Amino acid sequence: MNEKIIIVAGIEATILRKKVKNLRVTIVPPDGTVRVSAPKLMPEAIIRAFLAEKADWIRTHAAKVRESHRDEPKAFADGETVRLFGQAYPLAVRSGQKKNGAALDGGRIVLSLRGDVPPEKREAILNAWLRDRLKAEIEYLLPLWSDYTWLLPAEWTVRDMTSRWGSCNTKTKKITLNLQLVHYPLICLEYVILHELCHLKVRGHGPDFKALLDRFMPDWKARKKLLNG
């Protein structure tokens, strides 16, 4: 079964090619992930047109699914969904392992545990792995955008934040990026990196700042919309 992530009208969807005759859209709880079952030989253009036509319906029902599961505590057990750079992976838990850790393996995120580990500890183990994945991408992307813009931070860090995707201290030239970016497509991470880099030159979000974004990333508004839902 082949999978591919596409973005249509600001909606991220995973196409799953199957032995089916018709298109089918499924909104997967708890985070409202959009999955599209499609015939193996159906052109992608038809799938995109179908999603564009159903965009309002998809947004409405995805929001309902997320709201209905908003207060459900996660157990970090088999079958739960973990999003990594925009793609939803099923979680597979393996107990009795030599050490705690996580890894991407065969289309699943495998959480290895030494024993009977409570949910809060499982979350910490998973988040440590996610943090490393995010840092690896930042270490690759940040120098590329710094070279492109000639805007160089003195240092950067990753922190779990609740009210913003990133921040820039213009005095120390330190950039902070939100750990939660690890759940979104890499184009969103690139947007936040560029956003914070531009603050090294322009403090506010006025016309000069937006002009800088337009210059370096013409589609920044679409990326921002995808990030903020």
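Throughout, read-outs are computed from the coordinates displayed, never taken from laboratory work. All of these numbers come straight from a predicted model, not from anything done at the bench. Cβ sites come from the backbone with ideal geometry, for glycine too, and all protein chains shown count toward neighbours.
Quick rundown of the values:
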item	result
Where N is the number of residues in the chain, Cα Rg divided by 2.2 N^0.38 Å	1.12
Which listed pairs, of Lys64/Lys135; Lys18/Lys54; Lys135/Lys201, have C-alpha distances above 28 Å, in listed order	Lys64/Lys135
Cα gyration tensor category, rounded, prolate or oblate, for segment 81-129 with a/c compared to 1.5	prolate
Qualifying aspartates and glutamates (Cα of each under 20 Å from Cα of Lys121; at least 8 residues distant if same chain)	Asp71, Glu72, Asp78, Glu80, Asp132, Asp160
Given 13 as the ceiling on other Cβ atoms within 10 Å, longest exposed-site-free region of the chain for trypsin sites (Lys or Arg not before Pro) in DSSP loops	115-163
Sequence-distant residues sharing a close amide H with Val82 (under 5 Å, placed H)	Tyr89, Leu91
Gyration tensor (alpha-carbon) shape descriptor, segment 131-228, a/c threshold 1.5	rounded
Table column - 3J(HN,Hα) (Hz), segment 91-103, Karplus curve with 6.51, -1.76, 1.60, x for Gly and Pro	8, 10, 9, 10, 8, x, 8, 5, 8, 6, x, 9, 7
Estimated FRET transfer efficiency (Phe216, Asn127; beta-carbon r; R0 35 Å; 0.05)	0.70
Vicinal HN-Hα couplings computed from phi for segment 108-114 (Karplus, 6.51 cos²θ - 1.76 cosθ + 1.60; Hz; Gly/Pro x)	10, 9, 9, 9, 8, 10, 6
Cβ-Cβ FRET estimate between Asp160 and Arg203, R0 fixed at 25 Å, reported to 0.05	0.50
Residues listed by number, segment 116-130, amide nitrogen under 19 Å from Lys74 label point at 7 Å toward C-beta	117-130
Cα-based equivalent ellipsoid, segment 52-144: semi-axes from gyration tensor eigenvalues, Å	27, 21, 12
Anisotropy class of segment 16-96 from Cα gyration tensor, a/c 1.5 cut	oblate
In order through segment 49-58: 3J(HN,Hα) via Karplus (6.51 cos²θ - 1.76 cosθ + 1.60), integer Hz, x for Gly, Pro	5, 5, 5, 4, 5, 9, 4, 4, 4, 4
Under 15 Å, Cβ to Cβ, from Gly10 - net charge with Lys/Arg +1 and Asp/Glu -1	+3
